[in-house]
Amino acid sequence: MNHEDTGVDLVTGAFSYSGSHIAELLLDAGRKVRTLTSHPDRPHPLQGRVEALRYRFDDVAALARSLDGVTNVYNTYWVRFDHDRTTFSTAVANSRSLFFAARRAGAARVVHLSIANPSLESPLPYFRGKALVEQALAEVGIPYSIVRPTLIFGGERDVLTNNIAWILRRMPLFAIPGSGRYLVQPVHALDVARICVEQSRAGADVVVDAAGPETMTFGQLVVAVRSAVGSRARVAHVPPVVMAGAARALGLLVRDVVLTQDEISGLMAGTLVSHSPPLGRLAFGDWLAENGGSLGTAYANELDRHFAGLEVAEQPLVDVADLPDRQREVTLGLTQR
């Protein structure tokens with residue numbers, strides 16, 4: 001089917017992390033951008049440049065109307081963990097509704113941001129859910145491009161490296177689950193956005209990995225961040241169960257979900273690497289050398305970012321620097337969607 005290019009694209013979550021980078025690239029290219037978001041009035045640098053509408057997963061007809069006149073739909077919608085009524089199951093169902101709405105609205109293509117190495121057989125709900133969403137997109141009958149990033153870093157809303165650096169700056173010990181020898185392949189958020197925009201021009205249905213040019217162990221990544229921020233924290237290797245407990249303890253202190261058991265398992269399973277030639281160009285080491293001075297100066301709170309207005313996000317944060325030494329030693333690494 002031939003689709004007329006209207007010059008208008010939609011990016012779900014344009015006020016969020018990866019979505020904001022995609023939206024900025026599209027705006028720079030002279031395209032008009034619309035977004036669907038849970039927080040259409042939230043202050044953001046893109047406010048006023050992007051038409052913001054609220055998600056209407058409860059009404060597919062209304063959802064389709066919000067996509068009227070859109071050429072390409074860039075989908076970054078997902079959840080990192082179950083929280084109250086927001087679950088992986090609802091995220092899969094909502095994604096399916098979005099794809100049907102895109103087809104109903106006559107969109108030319110869906111560019112879907114997934115994750116490296118999703119699997120319907122995965123014991124981890126995050127990776128299994130991502131595979132279910134990919135399956136749903138393939139079944140809807142709209143042309144698609146699926147982009148599978150590895151470990152995204154960079155940008156003002158970076159959670160992974162920022163919070164690793166935050167912990168390293170403030171605590172005497174940093175815990176790594178297991179050996180730390182499992183591989184990661186960081187990819188810059190700008191590279192992910194560029195790859196997504198490039199894949200919007202694909203002629204057929206495609207699935208591509210978005211991975212950076214450097215592969216390293218997670219232990220090497222932590223040591224590199226420690227050096228970049230000038231930290232003297234000791235790096236310790238702990239059993240995964242201890243890591244999960246430390247994550248929960250730190251989460252209580254900062255009023256956040258810092259790391260889940262599934263994220264620990266996925267990290268240690270080596271899922272955050274690609275087996276294809278890297279499409280990313282920006283090297284993690286170069287970026288770290290340029291940004292180490294400012295990295296981790298403030299904690300990036302996921303609950304505040306995605307569930308603003310909930311009681312947990314309204315409670316005051318605990319200043320970890322004021323805690324007794326024994327409590328301050330509860331420290332850990334962090335993974336990102």
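The values are calculated or read from the model by the stated rules, or taken from the named source; none is laboratory data. Predicted, not measured: the structure shown is a model, and the values here were computed from it. All Cβ positions, even for glycine, are placed from backbone atoms using ideal geometry, and neighbour counts span all protein chains on display. These area figures cover heavy atoms from the full protein model, side chains too; ligands, DNA and RNA do not enter into them. Shrake-Rupley method; radii C 1.70, N 1.55, O 1.52, S 1.80 Å.
With (1) open to solvent by 10 Å² or more (accessible area, probe 1.4 Å); (2) not in a strand (DSSP E or B) as the list, and Val225 as the residue in question, which single condition is left unmet?
Just one mismatch for Val225, condition (1).
Restricting to region 290-320, and then to whatever is closer than 22 Å to Arg226 by Cβ and surrounded by fewer than 16 Cβ atoms within 10 Å (Cβ to Cβ), can you tell me which residue is modelled with the lowest pLDDT?
Filtering first and then ranking leaves Asp319.
Just one of Thr12, Thr87 is closer than 18 Å to Glu302 by Cα and without any contact (Cβ under 8 Å) to a residue 24 or more places away in the chain; which is it?
Thr87
Within region 1-51, track down each residue that is open to solvent by 70 Å² or more (accessible area, probe 1.4 Å) and of a type in the set (Lys, Arg).
Lys32, Arg49
Mind checking which residues of region 52-72 are open to solvent by less than 80 Å² (accessible area, probe 1.4 Å) and either out of contact with any helix residue (DSSP H, G or I) (no Cβ under 7 Å at 6 or more places or on another chain) or closer than 18 Å to Asp28 by Cβ (or both)?
Across region 52-72, the qualifying residues are Ala52, Leu53, Tyr55, Asp59, Ala61, Ala62, Ser66, Gly69, Thr71, Asn72.
With region 1-71 as the region, which strands (runs of 3 or more DSSP E) entirely inside it contain at least 2 residues that are basic (Lys, Arg) and in contact with a Ser or Thr (Cβ under 9 Å, 6 or more places away or on another chain)?
Where strands (runs of 3 or more DSSP E) fall fully within region 1-71 and carry at least 2 residues being basic (Lys, Arg) and in contact with a Ser or Thr (Cβ under 9 Å, 6 or more places away or on another chain), they are 32-37.
On the given criteria, is Ala105 touching a strand residue (DSSP E or B) at 6+ places or on another chain (Cβ under 9 Å) and over 23 Å from Arg281 (Cβ atoms)?
Yes: the conditions hold for Ala105.
Where residues in region 166-222 are within 20 Å of Ser274 (Cβ to Cβ) and basic (Lys, Arg), which of them is surrounded by the most Cβ atoms within 10 Å (Cβ to Cβ)?
Arg194
If a residue has to be aliphatic (A, V, I, L, M) and farther than 22 Å from Arg305 by Cα to count, how many in region 1-57 make the cut?
Of the residues in region 1-57, 6 are aliphatic (A, V, I, L, M) and farther than 22 Å from Arg305 by Cα.
Going by the conditions given, is Ala233 more than 17 Å from Leu160 (Cα to Cα), open to solvent by less than 20 Å² (accessible area, probe 1.4 Å) and in contact with a strand residue (DSSP E or B) (Cβ under 9 Å, 6 or more places away or on another chain)?
Answer is yes for this residue.
What number of residues in region 244-277 are buried (at least 20 other Cβ atoms within 10 Å of the Cβ), small (Gly, Ala, Ser) and in a loop (DSSP other than H, G, I, E, B)?
Result for region 244-277: 1.
Results for (1) open to solvent by less than 10 Å² (accessible area, probe 1.4 Å); (2) touching a helix residue (DSSP H, G or I) at 6+ places or on another chain (Cβ under 6 Å); (3) at pLDDT 95 or above, shown as yes or no for each residue.
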{"site": "Arg103", "(1), (2), (3)": "no, yes, yes"}
{"site": "Ala108", "(1), (2), (3)": "no, no, yes"}
{"site": "Val111", "(1), (2), (3)": "yes, yes, yes"}
{"site": "Pro125", "(1), (2), (3)": "no, yes, no"}
{"site": "Leu137", "(1), (2), (3)": "yes, yes, yes"}
{"site": "Val140", "(1), (2), (3)": "yes, yes, yes"}
{"site": "Thr150", "(1), (2), (3)": "yes, no, yes"}
{"site": "Asp158", "(1), (2), (3)": "yes, no, no"}
